[in-house]
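In what follows, a single structure is set out as structure tokens and then discussed.
The values are calculated or read from the model by the stated rules, or taken from the named source; none is laboratory data. Just so it is clear, the structure is predicted and the values come from calculations on it, not from any experiment. Ideal geometry is used to build each Cβ from the backbone, glycine not excepted, and the neighbour counts take in all protein chains shown. For accessibility, only protein heavy atoms count, side chains too; no ligands or nucleic acids. Shrake-Rupley method; radii C 1.70, N 1.55, O 1.52, S 1.80 Å.
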Amino acid sequence: MTGILLINKPAGFTSFDVVAKLRGISKTRRIGHAGTLDPMATGVLPLLFGAATKACDRLPNTDKRYRAELRLGITTDTQDITGTVLSRSEVHASAQDVERALVRFRGEIMQVPPMYSAVQVGGRRLYDIAREGGTVERAARPVTIHRLELLEADGREHVYTIDVSCSKGTYIRTLCHDLGQELGCGATLTGLCRTEAAGFGLEQCLTLEQAQRMADAGEFERALLPVSTLFAGMQRVTLDERRARLFCNGVRLDLARNRLPALEGGYAVYGPGNRFLGLAHNDYGKNELHIDQLFPAEG
């Protein structure tokens, strides 16, 4: 069984909980996921089955999009509502103040990873140190906020909902925390839904219950998308039968001699009959098509 299953992760589940659940539903052991979600979060969780797990480190689209709810006037040790409250403050900021403050967080920004995160410092996960009551200095890292918009505002309860499109490695709870610092009253994340990941949207996802029903009906594999859908936005090159065989056997194809386009970046390589073969790149030193990864299960 090879392919991609898009699950709308329910609240209260870790990403690994969802993988474990799907192992039972599908009777398949080899399952990975693309992009961890915190237990309180819901939304798009792409699961990779079988040979598709080889794509985890080669995703061309690692941007994410979220719908996040935050509350002003409160901070916690986890930067979300599941943590221990550290402070409560009066809130004087209006919706207009929030709109103006969002401007500072658009584009490339520096973000300090939260203590409750899987980032390693000195060979230890930050969350392990935090659970022991410790804290360490963390270096700020660059992340990119492609889109940041205010969707809803409840000035009476000081609750705001934002739409965030961002690069891999962005912590939305830290974004909310930093927004609260900018406003001078503190803030914490109270709700989070990932609406896009790896180029897929929430509307394409199944619930765990729907996946179970499909498995019970013997139709589970119908829910799997081909691994090639992960690379639909990449530059495409199609080989005839002879060149496809050579490529899959590890032969480096001269681009000029084989009349193949010399493009920048990576290629999604297909054979006859729209058969996805794998990923490759152009070695500019030799102008040859080099294998990055084969996906024989689709070949």
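Quick notes on this one:
- Each residue in region 53-79 was checked for being closer than 16 Å to Ser15 by Cβ and crowded, with 20+ Cβ neighbours inside 10 Å, and 2 pass.
- Qualifying position, being surrounded by 13 or more Cβ atoms within 10 Å (Cβ to Cβ), within 25 Å of Tyr66 (Cβ to Cβ) and among the small types (Gly, Ala, Ser), among Gly233, Gly278, Gly201: Gly201
- Residue check, Gln210 free of Cβ contacts under 8 Å to residues at least 24 places away in the same chain and surrounded by 13 or more Cβ atoms within 10 Å (Cβ to Cβ): yes
- Within region 248-295, tally of residues that are in contact with a His (Cβ under 8 Å, 6 or more places away or on another chain) and without any contact (Cβ under 8 Å) to a residue 40 or more places away in the chain: 7
- Checked against (1) more than 29 Å from Phe16 (Cα to Cα); (2) touching a residue at least 60 places away in the same chain (Cβ under 8 Å); (3) open to solvent by 80 Å² or more (accessible area, probe 1.4 Å), Glu108 meets all criteria but (2).
- Residue that is least open to solvent (accessible area, probe 1.4 Å), among those in region 175-198 that are β-branched (Val, Ile, Thr) and under 19 Å from Ala93 (Cα atoms): Thr188
- Flag if Arg141 is at pLDDT 80 or above and in contact with a Pro (Cβ under 9 Å, 6 or more places away or on another chain): yes
- Restricting region 1-46 to residues that are more than 16 Å from Ala118 (Cβ to Cβ) and small (Gly, Ala, Ser), the residue that is nearest to the chain's Cα centre (by Cα): Gly43
- Between Asn249, Asn258, the distinction of being over 25 Å from Met1 (Cβ atoms), among the polar types (S, T, N, Q) and loosely packed, with under 14 Cβ neighbours inside 10 Å belongs to Asn249 only.
- Tally of residues being over 15 Å from Asp38 (Cα atoms) and either at pLDDT 80 or above or surrounded by 14 or more Cβ atoms within 10 Å (Cβ to Cβ) (or both) across region 112-122: 2
- Among residues of region 28-69, those that are free of Cβ contacts under 8 Å to residues at least 24 places away in the same chain and not hydrophobic (A, V, I, L, M, F, W, C), counted: 5
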